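The next block holds one structure in the form of structure tokens; read it before the comments.
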Amino acid sequence: MNYNGLKNFQIITRIKLILLIGFLSLIASESAATHLIGGNFTYTRVGPDPTVPGNVLYDLVLEAYMDTNSQFWDPDPANPGGFPEDSILIGIMEGAFDAPGGADFVANIFLPIVDSNLVEPNLPPICDTTNFLSGVGVYITRYQRRVSLGPTAEGYWVIYDRCCRQPGIVNLNAPSDDQGFSYNTWIPPTNTVNSNPIFGDTLLSFICRGDTNFITNNITDPDGDSLVFSLAEPYVGYMDNFSPDPIGLPGGYSNFVLNPYIIPPPPVNWSFGFNATQFFGAGGFQNIDPETGLTEFIATINGIYVAAIEVREYRNNVLVGAIRRDIQLIVEDCPNNSGPNQDSTVLDSAALDPITYFVKENDDFCFNLNYDDIDGDPMELVVTGDIFDPVITNPPATVNSPVRDTGSVSTQICWNTSCNQGRDAPYIVQVIVTDSNCPPLPLYQTIEIFVDPFEIDTIFGLDTICSGNNPFNYSVASDSGEVFNWNVTGGTILSGNGSDNIQLEWDTAVSVGTVTVEGTNIFGCADGPISKDIAIVTVQADAGPDVISCAEDSIQIGGSPSANDPGFSVSWSPGFGLSDSTVANPLASPGVSTTYTLTVSAPGLSCQVIDEVEVLVSEPVPTGLEPQYFVCPGDSLQLNIIADSIGWKPNLFIDDTSITNPIVYPPVDQQYFIDFIDSNSCIGRDSTLVIVRSEVPVSAGPDRVICLGDSVQIGGNPTVPAGNNTYSWTPVASLNNSNIANPIAFPTAVTEYIVEVFNDTCTGRDSIIVLVNDTPSLSTSNDTIICIGDTIQIFAFSDGDVQWTTDTTLSNDTIFNPFVYPIASNTYFVSSVDTNGCGSTDSVAVDVRNLPVADAGDTLFRCRNVPFFIGGNPTGPFGSTYLWTPSDGLSNTTVANPLVSLDGDMEYQVQVTDDIGCSSVDSAFVFIFQVDISAEDILACQGERVVLSATSVNNRDSVTYSWIPTVGLSDSTSPTPTVTVDTTITYWVEATDLAGCADIDSVLIVVEAPGTASFTTEAAANCTNVELVTTNTSSGSLNYQWFVNNTLFSTEESPTIILDYTTSTTIRLVSFSPAGCEDDTVVDVDLGMFEEVLNLEINNVFTPNGDGINDFFEVQADGEIEQCTNVQIFNRFGTKAFETTNGVSVWDGRSAAGEPYPSGTYFYIVSVNGIDFKGTLTLLRD
């Protein structure tokens, strides 16, 4: 059976046994009654047990929230047996956190109750609890005991398994009161010293349907562990309604129903549509911040819901503990109320967003928190966090908290951080802003303050380098204002000391170097030194000296040695002609001269060193022997060659076969061969053919075709074999030389050239025809002038295609009409080639002219409506035309320096155009001295002190002011005089600067008389308090504020104020006119005892005849006294005829059975709040 199967089997077996035991014990226990709501189990490690060596003392605490509406609820200790119980039975079970086989029984322990209190919802007085959260009763009970536990390598589970929950829970399967709890916490192995975090808030959670609601889960971990919050499934445990308490199990937690205790215990049974990710069903919402625990809920259906929150403790990323908080949430319809909002329009420079701040350690900073409430409710701002506790954070931050005000609240957080307060994790500040409406809608915020520590973590740069590859760069991560001091062992800093990046040179004689750095941030915090060791590897390559090799020979290349370390890898390139390109000294036979590159690398490193060697392959040095020679029959010819050692073959018709210049005289064609050794000691062979003819063999070459204007070389290849030849070409006019073998011809028409060659008595001739083709026609548009920055189209005219010389300022180089946009003068060349390959060229010159210099003049400061000239000196070059815009205030828009008269500031622009149409633009500002009263008409209250403020603009030097009329002004020459106004008045101010410019402005002060605040009060006695009904009799007022004992109570026109008897209260009314002018009045209200305030009216005659007039005997009062009023009616014989029931104090003259009483005199006793009023009354019937 696998673990899941075993677990399911154990659960089923336990349920069967619980049903049996529960049935037998049901009569004997009241504990089956529903009472549990939520809570959490925690422990605190106290230390070693002084009485039992090896044991550790722990304080175990269960905080359980209980329903006071349970039928067995009786918190009186004198009545044992009800809830809350005097003590509870818990189990200590040994097992790891995941406990795959369950946790095993160790001990049953009773926890006694040590405290219990009624939890009151924190609602403002404005809330009517008879309609909102009515019937909600919650007690928090605390059970606690110190226990001694032996050493454990697995850990302990502390368990309180108990039934039952409340009935009618929406998200649990019915009946929900058959589902219980498993309160538990896990204590890690003994060698891990840990205590659970402690919740600091009291949990009574109601949420408004449709609103976003928050639970803070305010928690503190005494060990400073990292806490991770998550939403979790509540546990149902193993107890049920039939056997709700482990006390009823034989052996308690040692009973096999609970031993071993399967971890985790079973979760609650959800109703359809609800689960761990949807506590409130499909229309709801739930979310928890895993770092702060701030939880958000939205519910759309009223009722009671359950949820759970798990908090895990981590230390160095290792789990050291976990606790759970079971919660019950009440969802109700709430009166309309808009909660507080943060005003984040202006944020401090340290703010990344309204709730995230970033500063460097040792920096001083302050930031403001501003909140408002659109309903204008009284508000309270509470700011908490460890940064304000000097025991935890030193130096601490400061804040003014709590802050209370109406409509808006603000505070400022300031912190002078120190150099030891930087850390990666943020400092957490919790903000709660609550309004005083019903219900209050608190705004919860978690503000994160990141204090950036100054830390030098890593030196960046190579840690293994090749010697000699200097320079090298090393750096650290940095921020503005940080200074770093570097030290280097085994090298020299070239630059950058003091900054975050240095450049250095490593010594070639060392194998290990060290880079060390320490630094200081902009606020004086220091860190370091840290060091980085550098391995310096020296790699050397020697390809050896350059060598010479004859063709087809081989030669060894490389140095002695080629690499300075036999463990280094070598590589030669190119590889052709080498015996092995990966050995240090290969044999090279490249065939042609080749430069070989040797690369030496250290294995695993990116560095390498190269060297080169050239293998010069020597071909035999040419002998200078021609391929053919010519001689006339019977003639001889001397041959001349260059060589060190020779041998001619055959030895025929040659005077000496061993010399370099023998004479040959063959009678017929003869081939001669020569073997030789050249100057490089390389062996070679050459040959020649000596031709013997009676006529010289001449070749003028093939006929040629050229374009008009071109030239061509004529003659054969060769024209005649080598020998004692002379040449004569005709015609000579179009030749560069008529007496050479291959002259240059440049005919202008078709020409036949004839060549005659003479060799002793032999001659020969040949001819060549050179055809000349015309070039194509080509012309261009005229040279032109443009303005710099302009574009112009140029043209080419030809019968064939055209090609413009490539230029980046040409739009297209293959069309006849491209656009050009040169930035400097340029000539564009174009060519055209016909089908014969003949071409023509032409060009277009474009002269680029600079734009004329436009000068609209300097910025001017002038007087209002006083004429002056504008423009430069000069405004443009001589001969230019002008256009000024706008025309406002100008005498002429087409002259260089027009006359100007202005009422206000103006920017003018002038366009200057030269004689070829090039134009440029400049602008100038004109600022007019003006005075301005920084307000439109002012609405003021009668007798109010008003500050007038005049400012001048565009003034030169100082300005003087003069106000009129001067009546009432504090200083008629000040720019900001004050005046106390009683009537509507207009003030004028004249401002004059030192340049003599003057200007005036005016302001109308409209004075409004304040309204008159007045009111009356009437006290009406209620059973427990007094309703003070106000009647507002103010005149000329629009808005009101009522203060009760100096605290804002209401902004209604005539509110009703609830007061206690025998109190003295000060009521102040502030009225505001439409202009905001205020008046106030104060009334002191002294209330006596109930009977002094009570205004009771008892009629002593009534006629119950059904005519609708005086049909009833009733007691009337100004207030609501029905619930504390009792009326008794007796006839004259003392028989009771009527008595108040259910607060009804009206008698219709009938008996309880409905029978009418006869006319007559009756006696009444009216008891109001224990005070009796007696008298007689007359009942009259027709």
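The values are calculated or read from the model by the stated rules, or taken from the named source; none is laboratory data. In this text, all values refer to a predicted model and were calculated from it rather than measured experimentally. Neighbour counts run over all protein chains shown; Cβ positions are idealised from the backbone, glycine included.
Counting only strands (runs of 3 or more DSSP E) that sit wholly inside segment 784-866, those with at least 1 residues that are over 30 Å from residue 925 (Cβ atoms) and either outside the structural domain of residue 885 (by TED's automatic domain parsing) or at pLDDT 90 or above (or both) are 784-787, 796-798, 802-804, 826-833, 839-849. Residue 357 - would you say it is aromatic (Phe, Trp, Tyr) and within 23 Å of residue 286 (Cβ to Cβ)? Against the criterion (aromatic (Phe, Trp, Tyr) and within 23 Å of residue 286 (Cβ to Cβ)), residue 357 does not qualify.
Could you tell me whether residue 542 is of a type in the set (Asp, Glu), farther than 30 Å from residue 479 by Cα and surrounded by 14 or more Cβ atoms within 10 Å (Cβ to Cβ)? Yes. Scanning segment 302-326 for residues that are among the aliphatic types (A, V, I, L, M) and at pLDDT below 90 gives a single hit, 304.
Yes/no per residue for (1) over 19 Å from residue 468 (Cα atoms); (2) surrounded by 14 or more Cβ atoms within 10 Å (Cβ to Cβ); (3) hydroxyl-bearing (Ser, Thr, Tyr):
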| position | (1), (2), (3) |
| --- | --- |
| 574 | yes, no, no |
| 584 | yes, yes, no |
| 602 | no, yes, no |
| 609 | no, yes, no |
| 616 | yes, yes, no |
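Scanning segment 450-489 for residues that are aliphatic (A, V, I, L, M), outside any loop (DSSP other than H, G, I, E, B), surrounded by 19 or more Cβ atoms within 10 Å (Cβ to Cβ) and in contact with a Ser or Thr (Cβ under 8 Å, 6 or more places away or on another chain) yields 451, 488.
Residues of segment 677-691 that are modelled with pLDDT of 85 or more and within 13 Å of residue 641 (Cα to Cα): 685, 686, 687, 688. Checking each residue in segment 1060-1084 for being part of a strand (DSSP E or B), at pLDDT below 90 and of a type outside the set (Asp, Glu) picks out only 1072.
Could you say which residue among 866, 820, 853, 830 is touching a residue at least 40 places away in the same chain (Cβ under 8 Å), of a type in the set (A, V, I, L, M, F, W, C) and farther than 30 Å from residue 898 by Cβ? That would be 830, the only listed residue that is touching a residue at least 40 places away in the same chain (Cβ under 8 Å), of a type in the set (A, V, I, L, M, F, W, C) and farther than 30 Å from residue 898 by Cβ.
Among the residues of segment 269-282, is there at least one that is of a type in the set (Phe, Trp, Tyr) and either modelled with pLDDT under 90 or within 29 Å of residue 338 (Cβ to Cβ) (or both)? Scanning segment 269-282 turns up at least one residue that is of a type in the set (Phe, Trp, Tyr) and either modelled with pLDDT under 90 or within 29 Å of residue 338 (Cβ to Cβ) (or both).
Considering segment 192-294, the qualifying strands (runs of 3 or more DSSP E), each wholly inside and each with 1 or more residues that are over 34 Å from the mean Cα position of the chain (by Cα), run over 205-208. Of 814, 808, 827, 881, all but one fail to be surrounded by 15 or more Cβ atoms within 10 Å (Cβ to Cβ) and at negative phi; the exception is 881. For the residues 1010, 977, the requirement of being at pLDDT 90 or above, within 30 Å of residue 1079 (Cα to Cα) and surrounded by 19 or more Cβ atoms within 10 Å (Cβ to Cβ) singles out 977. Considering the conditions (1) among the aliphatic types (A, V, I, L, M); (2) more than 17 Å from residue 532 (Cβ to Cβ); (3) under 28 Å from the mean Cα position of the chain (by Cα), residue 476 is excluded by exactly one of them, (2). Of all residues in segment 295-326, those satisfying the criterion of being surrounded by fewer than 21 Cβ atoms within 10 Å (Cβ to Cβ), assigned to a loop (DSSP other than H, G, I, E, B) and more than 31 Å from the chain's Cα centre (by Cα) are 300, 301, 302. Residue 622 passes every criterion in (1) out of contact with any Phe, Trp or Tyr (no Cβ under 7 Å at 6 or more places or on another chain); (2) closer than 30 Å to residue 535 by Cα apart from (2). Note on segment 94-109: among residues that are of a type in the set (A, V, I, L, M) and more than 48 Å from the chain's Cα centre (by Cα), the one that is nearest to residue 251 (Cα to Cα) is 107. The residue that is surrounded by the most Cβ atoms within 10 Å (Cβ to Cβ), counting only those in segment 345-399 that are of a type in the set (Gly, Ala, Ser) and not in a strand (DSSP E or B), is 397. Run down 662, 620, 650 and say which single residue is surrounded by fewer than 19 Cβ atoms within 10 Å (Cβ to Cβ) and either at pLDDT 90 or above or farther than 30 Å from residue 559 by Cα (or both). After ruling out the rest, the residue left standing is 650. Against the test of being under 30 Å from residue 829 (Cβ atoms) and surrounded by 15 or more Cβ atoms within 10 Å (Cβ to Cβ), the options 720, 705, 755 yield a single qualifying residue, 705.
Whether any residue in segment 825-846 is within 55 Å of the chain's Cα centre (by Cα) and of a type in the set (A, V, I, L, M) is what I want to check. No, segment 825-846 contains no residue that is within 55 Å of the chain's Cα centre (by Cα) and of a type in the set (A, V, I, L, M).
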